[in-house]
Amino acid sequence: MRIHLVAPQNPESFWTFDRILDMVDARCMFSNLALPTIAALTPPGHDITLCDENVEPIDFDVDADIIGVTGYIIHRRRMREIIEEFRRRGKFVVVGGPYVSLCPDDLADVANTVFMDEAEETWPKFLEDFQAGTPQARYHQEEKSDMAKAPLPRFDLLKLSAYRTVCIQFARGCPFQCEFCDIITIFGRRPRAKSIDQVMREIRELERLGVERIFLVDDNFIGDKRRAKALLRSIQAFGEDNDFAIDFNTEVSLDVAQDDEMLTLLRDANFQSIFIGIETPRRESLIETKKRQNVRGDILESVLKVQSYGIRVDAGMIVGFDNDDDAIFKEQFDFIQAARIPVSMTGMLNAVPKTPLHDRLAKDQRLISHSTGDQFIRTNIIPLAMTTRQLYEGYSRLIESLYEFDNMKRRAVDYMLTRGRQVKERLYLNHGDMKILWRFVRDCIVLASPLRRRFTLSMLAQTLAFRPSAIKEAITMAVLHKHFYEYMLDVRRQLTDHVSSAGAQSAS
């Protein structure tokens, strides 16, 4: 059979870095992992092709017996459009992934077959049924997949040169129970991991294919600390044998700060940054949302400790908890500045279907709609300790303050000059970095606005004067700020329009 797998284009957000893709010589910042994973689960003998709409247009006339579509909740509109367009051409279309796992009925009216939850067992079963002429309308894998049996993803089918960073996965599941998170709903609370050999085969394959940056997309890489440490030791040995040619990043919980051995291993394995869901500095809000792992110690001290190992902390922050009043916006800003966190993905609280938060707010009749909003543009909850207008206006002020030139420069420079030493504590540029250096000079200095030019040159000058080995990091911060600042301006405009529109509807 001929099988064509499709991932929809990402709507722009803080995460997509659309404003700087040309500068970093990429069409998409992070590679799709679902497509090569499903391709690897496809038995031999089938002709399988992949299309990530973020890096190439969809060919709706492709010669295929089966079209597979995947996506997250942010893709729901585009997924429907893609499915409908293929169906108009008479194609048999199946849909799976995180969104339909949470809302399986939403696309059932347009897709021929819907896959719920994981698909390691149901995808091969579906292919057998399809060949026999008896495909089912719905497949639901009741048992969680054994990650030790996962095949090597078909990275060779991706257009790897189009991505800045390539994603792999070590484990699924998270031991915590944050009220707003859908991870435990889809993957469970018991972390399930691949073997060390499996992951190292993936890393070596990507190195063979010329990849220089890898992101381990585990929702909590340290969910099983013993296995995580074993993997880090292997990655460290791999790095030592290859002059640390690959930079690594991942996601962890804040309790990583309580494990000196883990921090040492992360540094020695060349993890440049880690994303941590800090959410809020307000203890009452953390307890409310059952994020108790963040109240075991002082949050500010924990962040600074991670940074002392030379690891940049990228923070996930949220406003709009029930315990958040109008003072939370300044509290968030002051914390992020004091914590020297250059990159903060700050959004408004949203209730995702099937999460405990969604269930609780639905019961209390505090959901604005049944579908989630865009956490950077709107929320689907009615806040408790402030008005919706206060939430929107306070959030707008917060992101403006965070990415104002001087505020961003202050915390970025403070971080770079005070962080601990890194494995590659020297001036180095990968082959890919050399290709984009001139674009950085063009867009952030030569053709930049006076404010951006001053911001960039000042940050470079301070870094060269006090820590020249961190100059590559300073360039990275300048590039990232261009995206954050321009996107922030657009978000504030949309927020203003949304608040004005809501006020006009209320008045009428």
The local net charge around Met408, scoring Lys/Arg +1 and Asp/Glu -1 for residues other than Met408 whose Cβ lies under 12 Å from its Cβ, equals +2
Cβ-Cβ cut-off under 14 Å around Leu489, Lys and Arg +1, Asp and Glu -1: the net charge is -1
So for R0 = 45 Å, FRET eff. of Met200-Ala132 from the Cβ-Cβ r, to 0.05, ends up at 0.75
A correct fewest-to-most ranking of Arg172, Arg366, Arg164 by other Cβ atoms within 10 Å would be Arg366, Arg164, Arg172
With T = 20 °C, eta = 1.002 mPa s and Kirkwood Rh from C-alpha pairs, the Stokes-Einstein D of segment 147-348 in µm²/s is about 121
The longest stretch of the chain containing none of the GluC sites (Glu not before Pro) that sit in a DSSP loop with at most 11 other Cβ atoms within 10 Å is 144-508
Answer in debye to the nearest 20: the dipole magnitude of the chain about its Cα centre, from +1 Lys/Arg and -1 Asp/Glu charges placed on Cβ, is 1080
Counting Lys and Arg as +1 and Asp and Glu as -1 over every other residue whose Cβ sits under 9 Å from the Cβ of Phe321, the net charge comes to -4
By Cβ neighbour count within 10 Å, fewest first, Trp123, Trp438 rank Trp438, Trp123
With +1 at each Lys and Arg Cβ and -1 at each Asp and Glu Cβ, the charge dipole magnitude of segment 2-140 around its Cα centre, to the nearest 20 debye, comes out at 260
Ranking Val166, Gln131, Leu152 by how far each Cα lies towards the positive end of the charge dipole of segment 124-177 (+1 on Lys and Arg Cβ, -1 on Asp and Glu Cβ), the top one is Val166
Using the Kirkwood radius over Cα pairs of the chain, the Stokes-Einstein translational diffusion coefficient at 10 °C and 1.306 mPa s, in µm²/s and rounded to a whole number, is 66
Residues meeting the amide H criterion for Phe92 (H placed from the backbone, H to H distance under 5 Å, 5 or more places apart or on another chain) are Ile67
Rounded to the nearest whole number, the Stokes-Einstein translational diffusion coefficient of segment 115-210 at 25 °C and 0.890 mPa s (Kirkwood radius, C-alpha pairs) in µm²/s is 156
tail above 22 Å in the computed P(r) of segment 250-381, as % of all Cα-Cα pairs, reads 40
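Each reported figure results from applying straightforward, stated rules to the coordinates on display, with no laboratory input. All of these numbers come straight from a predicted model, not from anything done at the bench. Glycine also receives a Cβ, built like all others from the backbone with ideal geometry; neighbour counts cover every protein chain displayed.
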